[in-house]
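Asks: Below is one structure. I have some questions about it.
The values are calculated or read from the model by the stated rules, or taken from the named source; none is laboratory data. Predicted model only: the values in this text are computed from it and were never measured. Here Cβ is always computed from backbone atoms with ideal geometry, including for glycine, and neighbour counts include all displayed protein chains. Quick note on the areas: whole protein, heavy atoms, side chains included, nothing else; ligands and nucleic acids left out. Shrake-Rupley method; radii C 1.70, N 1.55, O 1.52, S 1.80 Å.
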Amino acid sequence: MKDKRWIVTGLVVFLLIVLFPFWYNRGRAVPPPEVKLTEKAKAEKECVLSRDYMKAEHMQILDLWRETVVREGNRIYTNPKGREFVMSLSNTCLDCHANKAEFCDKCHNYASVRPYCWDCHIENPKEAR
Amino acid sequence: MLEFAVKGSKRYFGWMIFLLGLIGVGFLVYLRQLDVGLGITGMNRDVSWGFYIANFTFLVGVAAGGVMVVLPYYLHDYKAYGKVTILGEFLAIASVVMCITFILVDLGQPMRVLNVLLYPTPHSVLFWDTIVLNGYLLLNLIIGWNVLEAERNGVHYQSWLKPLIYLSIPWAISIHTVTAYLYCGLPGRGFWLTAILAPRFLSSAFASGPALLILLCLIIRRVSHFDPGWKQIQSLAVTVAYAICVNVFFFLCEVFVAFYSQIPEHMDHIKYLFVGLHGHGAYVPWMWTAMALMALGIILLVNPVTRKNEGTLIVGCLAVFFGCWIDKGLGMISGGFVPNPLHEVNEYIPTLLEGLITIGVYGLGFFVLTVLYKIAIGVKEEVRA
Amino acid sequence: MDIRRRRILQLLGLSAAALTVKPVYDALAADPGAARPKLGPGREQLRAKQWVMVIDTRRFASEADVEPLIEACHRIHNVPRFELKRWEIKWIWATEYKHAFSGTSSDRFLAAAVEKRPFLVLCNQCENPPCVRACPTQATFKREDGIVMMDFHRCIGCRFCMAACPFGARSFNYTDPRPYLKHTNKLFPTRMKGVVEKCSFCAERLAEGKRPACVEAAGGKIAFGDLYDPSSEAHQWIRKNYTLRRKVNLGTEPAVYYIV
C-alpha cells in the first residue's frame, strides 16, 4: 500500500466533485413550486383521477393514454366515476390546464425534468385556433 | 493484464493522444448532429442510409474475418496460427465496437435505442443483428482475454472455454449473414435482392479482414519484439488471395444475372455505379478504382513471387482492403438506393461533418485495437523472456 | 487475487441483487381490487377489415386538380416544407405514370392523356407490409383495420422501414420540422427530429367518423371504404372498373387502387 497517499487524495477529490451540488447549496432551501390552476380547472374540482394520484402518477396515465390511442386506436377514457374523456394531451389536458408555464413547467423545472412531450404536442391548442 | 496498456514508449503515447484527438473531434461534431439532427449528413429521403451504415457493414466483415485464423487453429489444429489467433480475436473486438458505434451515430433518436430490447421483435432482422453483434463482442472478449491470461500464466486455458470457442466460429459467419439479410430481404431493392449477397459479403470479409490483419502483423514486427511469424503471414495471404478471387467471381455472377436477364430493376443500380444513370454518376470513378484495386490485389497475391515479397505483399493487401472498402463501403449502400423506388435519381454525397464523425469512430476503434494489441504483445513478450 | 477481496466483491454483488427484490415484488403485488378505468373507442369510430382507397385518375387532369388534396393533407398534419431537397417530407404527392408504376409497367407508348396525368402516390397501407416486418421496435405496426401506423414515441430513427418500403412512401425528419411550418394545425401534433413519418389514412379522422382529408378534398374523385365489404363504395368501384395497384408483383398487397 505504498500508494495510500495518492489513493486517499484521489478519493477525496472524487467525493468533492460528486457531492458538489450538496456542499454548494448547503444551508439554502429552494421553496417548493406553487402551481396555479386556471379558473376552468378550479371549477372542475377533480381531474381525471384524484388530485393525489394525478400529482404523483400523472406520467403513468399519460403513458397509458398514448399507448392506448396510438397503438390500440381507442380514444375514450372512462374514469372510475363514469366520466368520459377524449385521451389527448393537447386537446384534453391542456384544455383545462391552459397555463402550461404556470402549471406543468413549474414543477418540471423545479425537479429538473424535461419531458419531450412538447417536441411534438402543441403547447396550447386553444391559442389562435 | 491491463497494466501493459498504461506503460509504453513515447511513440505509443503519441499515437494514443493522436487517436484521442480524432475521437474528440468526432465527438464534438456528433454533439452538433445530436442538436441539429441527421440533417448535417448528406443523407436524404431517397438515400436514407449513408456513410455510417456503409462503414458498419464493411466493419462487420472485418470482424467476421477474424475467424479465418480462429478456425484453422482450433478446428484443424493448424499450430502455426497459435501465435496470431489472439490478434484475430482482438481485431474482431475493435471492429465490433466500431460497428455498434456506427449504428448508434446513425440513429435519429439514439437515447431510445434500448427500445430494441424493451420491445423484442423477432421478425425484424435488425433485432437479430443487435443480438449477434453483441454476442460476438462478448464471445471474443471472454475467449480472447482468458486464453491470453492462461498463456501468461503458462497453463492451458480453462476447459469451459472450448465450447465457446467452437460457438464463436459459426457465430462469426452469422454476424455477416445477418448483416446481409438486412438488405437482401427487402422487396423492391433490386440491387440487394439477391441470394448471393450473404456469400458475397462473407467473401469480401474473408479478404478484407485478413488483409488488415497481415498489415497489422507487419507493423507489430516492426514496432515490437513479438514476431507473429512470416509463415503465418504467408498462410493468411493465401486466404486473402482466394477470398478476393471468390469475391470478384460473385460480383461477376451478379453482373451476368442482371445483364443477361436484362431486368431493368437489377441492371439500373449497377449501371448507376459503373457508367452513371440519367446523367448522374458520382460513384463511377470510385467503382472503377475499386475494381482496379481488387484486380491488382488478385495479381499480387495469387502470384507466389509477389506474395512472398514483403513490399508487393503490402501493396496487395492495401489494394484488397481499400478495394473492398470502396466496393462495400461506398457502392453497396448508395448503389442500392439509386435509382429510388419511383425510378428517380437522387444522389448521396457524404458531407464533411459526417466524414469527421466517421473518422472519430475509426479513431475509437483503433484506440481499442491499440490497447488490446499492446496487452497481447506485452504478454507475448513477457512469456518469451 | 486476495481471496478476501474476491469474497467481499461477491457479497457486494449479492447485496445489490437482493436490493432489487423489493421493487419487483411490489410491482407484481399491485392492488388488483381497485376500480379500473375503462378504455374504448369513440362512438363515431369508423371501422373496416382493411381500409382501401380507389383513385379515379381519369378525373385528375392537371396539377391544379391534385394540389388542393396535397395541401389539405399536409396542412392538417403539420407536414413542413423545406427549401433543402435533402430534408424533404411528404405524405402524398403527384408524379407521372411512369414513376408511379415504375418496374411493373414500362410501356414505350401510352395513351397521351395518361402520360401527362398526375398520379397521386402515398403510403399504400399494404396488407402485407415490409416496413412492419423490418421495424425493430414495432414503432410501425398494422392496426386491426389494416392501417399501417407509426408510433412516433417509440421510433428510434433507424430508417430500416424506409429501406424496406418499395414505394418510397416514407420520410425522415432530418431536423426539427417546427421552424419550417408555415401554418400549424393546433389540433394535431407535429413531429420531432429523428423519427420517420408517413400517411396514416387519417386514423385520427376515422376516429371521429370523418373520412381522410384527401378523400374529402377530392369531392368524389376518390372512393374510400372497406375492401372486404361488398356494399362499400370502394369495393364497388373496384368491381366495376379495371384497376391497377403499384408493384403488385412484390406481394405487399397495396391498398391504394388506381382506375386508369
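Asks: Taking the Cα atoms of chain A, what is the range of coordinates along each of the three principal axes, in descending order and whole Å?
Replies: 71, 34, 32
Asks: Now a separate question. Which of these, C:Gly42, C:Gly146, C:Gly209, has the largest mean-square fluctuation under a Gaussian network model of chain C (Cα springs below 10 Å)?
Replies: Ranking C:Gly42, C:Gly146, C:Gly209 by mean-square fluctuation puts C:Gly42 first.
Asks: Also, quick follow-up: Please average, across the residues of C:199-206, the number of beta carbons from any other chain that are within 10 Å of each residue's own beta carbon, and give a whole number.
Replies: Values: counts 0, 0, 0, 0, 3, 4, 0, 1.
Neighbouring Cβ atoms belonging to other protein chains average 1 per residue here.
Asks: Counting only protein heavy atoms, probe 1.4 Å: which residues of segment C:77-96 lose 10 Å² or more of accessible surface in the full assembly compared with their chain by itself?
Replies: The answer is C:Lys85, C:Arg86, C:Trp87, C:Glu88, C:Lys90, C:Trp93, C:Thr95.
Asks: Helix B:264-274 sits at what angle to the longest principal axis of chain B, using alpha carbons and giving 0 to 90 degrees rounded to 10?
Replies: With rounding to tens, the tilt is 60 degrees.
Asks: Same structure again: Note the count of lysine pairs whose C-alpha atoms are less than 28 angstrom apart in segment B:2-384, limited to pairs 8 or more residues apart or on different chains.
Replies: 26
Asks: On C-alpha positions alone, give me the angle between the axis of helix B:197-223 and the longest principal axis of chain B, in degrees, nearest 10.
Replies: Helix B:197-223 and the main axis of chain B meet at about 40 degrees.
Asks: As a test of the definition: with a 1.4 Å probe, what buried accessible area, both sides summed, do you compute for C against B, in Å² to the nearest 100? Provide the component values of the computation, followed by the final result.
Replies: Values: alone 15760 and 16890 Å², together 28900 Å².
When C and B are taken together, about 3800 Å² of accessible area is lost.
Asks: Stokes-Einstein D for chain C at 37 °C, 0.692 mPa s, Kirkwood Rh over Cα pairs, in µm²/s?
Replies: Values: Rh = 21.2 Å.
Translational D for this selection: 155 µm²/s.
Asks: Once label points are set 7 Å from the Cα along Cα→Cβ at both C:Leu19 and B:Trp15, what is their separation, rounded to one decimal in nm?
Replies: Distance between the two pseudo-spin positions: 4.1 nm.
Asks: I'd like the chymotrypsin sites (Phe, Trp or Tyr not before Pro) in segment B:88-192 restricted to DSSP loop residues with at most 14 other Cβ atoms within 10 Å, sorted by number. Can you show the working numbers first?
Replies: Numbers: sites: B:Phe90, B:Phe102, B:Phe127, B:Trp128, B:Tyr136, B:Trp145, B:Tyr157, B:Trp160, B:Tyr166, B:Trp171, B:Tyr181, B:Tyr183, B:Phe191, B:Trp192; in loops: B:Tyr157, B:Trp160, B:Phe191, B:Trp192.
Within segment B:88-192, the qualifying chymotrypsin sites (Phe, Trp or Tyr not before Pro) (loop, at most 14 other Cβ atoms within 10 Å) are B:Trp160.
Asks: Another one. Using a 1.4 angstrom probe on the protein heavy atoms only, could you order C:Tyr242, A:Tyr77, C:Tyr25, B:Tyr30 from most to least accessible area? Let's see the in-between values first.
Replies: Details: C:Tyr242 180, A:Tyr77 0, C:Tyr25 150, B:Tyr30 35 Å².
I get C:Tyr242, C:Tyr25, B:Tyr30, A:Tyr77, largest accessible area first.
Asks: While we're on this one: So, taking all protein chains as they sit and a 1.4 Å probe, how much accessible area belongs to A:Asp52, in Å² rounded to tens?
Replies: About 110 Å², rounded to the nearest 10.
Asks: Would you kindly enumerate the cysteines in chain C that have no other Cys beta-carbon under 4.7 Å from their beta-carbon?
Replies: Lacking a cysteine Cβ partner under 4.7 Å: C:Cys73, C:Cys126, C:Cys135, C:Cys155, C:Cys158, C:Cys165, C:Cys202, C:Cys214.
Asks: In Å and from the alpha-carbon atoms only, list the Rg and Dmax of chain B.
Replies: That works out to 20.9, 66 Å for Rg and Dmax.
Asks: Using only Cα atoms, tell me the angle between helix C:3-19 and the longest principal axis of chain C; keep it within 0 to 90° and round to the nearest 10.
Replies: 50 degrees
Asks: Report the percentage of all Cα-Cα pairs in segment C:77-176 whose separation exceeds 17 Å, rounded to a whole percent.
Replies: Working: 2976 of 4950 pairs.
So the portion of pairs separated by more than 17 Å is 60 percent.
Asks: Also, quick follow-up: Mind checking segment C:182-228 for GluC sites (Glu not before Pro) that DSSP puts in a loop (not H, G, I, E or B) and that have at most 16 other Cβ atoms within 10 Å? It would help to have the intermediate numbers written out before the result.
Replies: Details: sites: C:Glu197, C:Glu204, C:Glu208, C:Glu216; in loops: C:Glu208.
Sparse-neighbourhood loop GluC sites (Glu not before Pro): C:Glu208.
Asks: Another question, if that's okay. With N set to the residue count of the protein assembly as shown, report its C-alpha Rg divided by 2.2 N^0.38 Å to two decimal places.
Replies: Numbers: Rg = 30.1 Å, N = 774, 2.2 N^0.38 = 27.6 Å.
Normalised Rg, Cα atoms only: 1.09.
Asks: When only the heavy atoms of the protein chains count and the probe is 1.4 Å, how do A:Arg28, C:Arg191 rank by accessible area, highest first?
Replies: Values: A:Arg28 155, C:Arg191 5 Å².
Largest accessible area first, the residues go A:Arg28, C:Arg191.
Asks: How high is the relative contact order of chain C, in percent, with contacts defined as C-alpha pairs under 8 Å that are six or more residues apart? Provide the component values of the computation, followed by the final result.
Replies: Numbers: 420 pairs, mean separation 75.2, N = 260.
This gives 29 percent for chain C.
Asks: Is there a simple number for the mean count of other chain Cβ atoms within 10 Å of the Cβ of residues in C:129-140, and what is it?
Replies: Numbers: counts 0, 5, 1, 3, 7, 9, 6, 15, 13, 8, 7, 0.
That average works out to 6.
Asks: Looking only at B:Gly331, B:Gly297, B:Gly14, which one moves most when chain B is put into a Gaussian network model with springs between Cα atoms under 10 Å?
Replies: B:Gly14
Asks: How do A:Arg75, B:Arg112, C:Arg47 stack up against each other in accessible area, from largest to smallest, with a 1.4 angstrom probe?
Replies: Details: A:Arg75 55, B:Arg112 20, C:Arg47 165 Å².
Largest to smallest exposure gives the sequence C:Arg47, A:Arg75, B:Arg112.
Asks: Roughly how large is the A-C contact in terms of buried accessible area, totalled over both chains, probe 1.4 Å, nearest 100 Å²? Could you put the intermediate results ahead of the total?
Replies: Values: alone 10720 and 15760 Å², together 23950 Å².
The summed interface area works out to 2500 Å².
Asks: Hey, can you find the accessible area per residue of segment C:51-259 for me, probe 1.4 Å, expressed in square angstrom?
Replies: Values: 8040 Å² over 209 residues.
Dividing the accessible area of segment C:51-259 by its residue count gives 38 Å².
Asks: Okay, next question. Under 10 Å, Cα contacts only: if you run a Gaussian network model on chain C, which one of C:Thr104, C:Thr20, C:Thr137 comes out with the highest mean-square fluctuation?
Replies: C:Thr20
Asks: Once you average over the residues of A:80-93, how many Cβ atoms of partner chains fall within 10 Å of each Cβ?
Replies: Working: counts 5, 2, 2, 1, 4, 1, 3, 2, 3, 1, 4, 3, 0, 0.
Mean shielding by partner chains, rounded to a whole number: 2.
Asks: Another question, then. Can you work out the accessible area per residue across segment A:35-119, with the rest of the protein chains kept in place, probe 1.4 Å, in square angstrom? Don't jump to the answer; show the numbers that get you there.
Replies: Numbers: 5120 Å² over 85 residues.
Roughly 60 Å² per residue, with all protein chains present.
Asks: Roughly to the nearest percent, how much of the accessible area of chain C is carbon and sulfur, given a 1.4 Å probe? Mind dumping the intermediate values first?
Replies: Values: 7040 of 12700 Å².
On chain C, the fraction of accessible area on carbon and sulfur atoms equals 55 percent.
Asks: With 28 Å as the limit, write out which pairs from C:Lys98/C:Lys240; A:Lys106/C:Lys186; A:Lys45/C:Lys193; A:Lys36/C:Lys210; C:Lys49/C:Lys116; A:Lys42/A:Lys106 have Cα-Cα distances beyond it, or answer none.
Replies: On the way: C:Lys98/C:Lys240 25 Å; A:Lys106/C:Lys186 23 Å; A:Lys45/C:Lys193 38 Å; A:Lys36/C:Lys210 37 Å; C:Lys49/C:Lys116 35 Å; A:Lys42/A:Lys106 18 Å.
Going by Cα-Cα distance, A:Lys45/C:Lys193; A:Lys36/C:Lys210; C:Lys49/C:Lys116 fall outside the 28 Å limit.
Asks: What's the carbon and sulfur percent of chain B's accessible surface, probe 1.4 angstrom, rounded to a whole number? It would help to have the intermediate numbers written out before the result.
Replies: Details: 10910 of 14930 Å².
Solvent-exposed carbon and sulfur of chain B make up 73 percent of the total.
Asks: Also, I was wondering about something else. So, taking all protein chains as they sit and a 1.4 Å probe, how much accessible area belongs to B:Met16, in Å² rounded to tens?
Replies: 10 Å²
Asks: Over the heavy atoms of B:Thr370, what accessible area does a 1.4 Å probe trace out, to the nearest 10 Å²?
Replies: Using a 1.4 Å probe on the heavy atoms, I get roughly 30 Å².
Asks: Test of the criteria: in segment C:192-260, which trypsin sites (Lys or Arg not before Pro) are in a DSSP loop and have at most 14 other Cβ atoms within 10 angstrom of their Cβ? Intermediate results must be reported in sequence, preceding the final value.
Replies: Values: sites: C:Lys193, C:Lys198, C:Arg205, C:Lys210, C:Lys221, C:Arg239, C:Lys240, C:Arg245, C:Arg246, C:Lys247; in loops: C:Lys193, C:Lys198, C:Lys210, C:Lys221, C:Arg245, C:Arg246, C:Lys247.
Here the sparse-neighbourhood loop sites are C:Lys210.
Asks: Moving on to the next point. Aspartates and glutamates within cross-link reach of A:Lys81: Cα-Cα under 12 Å, excluding same-chain residues under 8 positions apart?
Replies: Filter leaves A:Glu46.
Asks: How much area per residue is accessible in chain B when the probe is 1.4 Å and only protein heavy atoms are counted (Å²)? Provide the component values of the computation, followed by the final result.
Replies: On the way: 14930 Å² over 385 residues.
That works out to 39 Å² for each residue.
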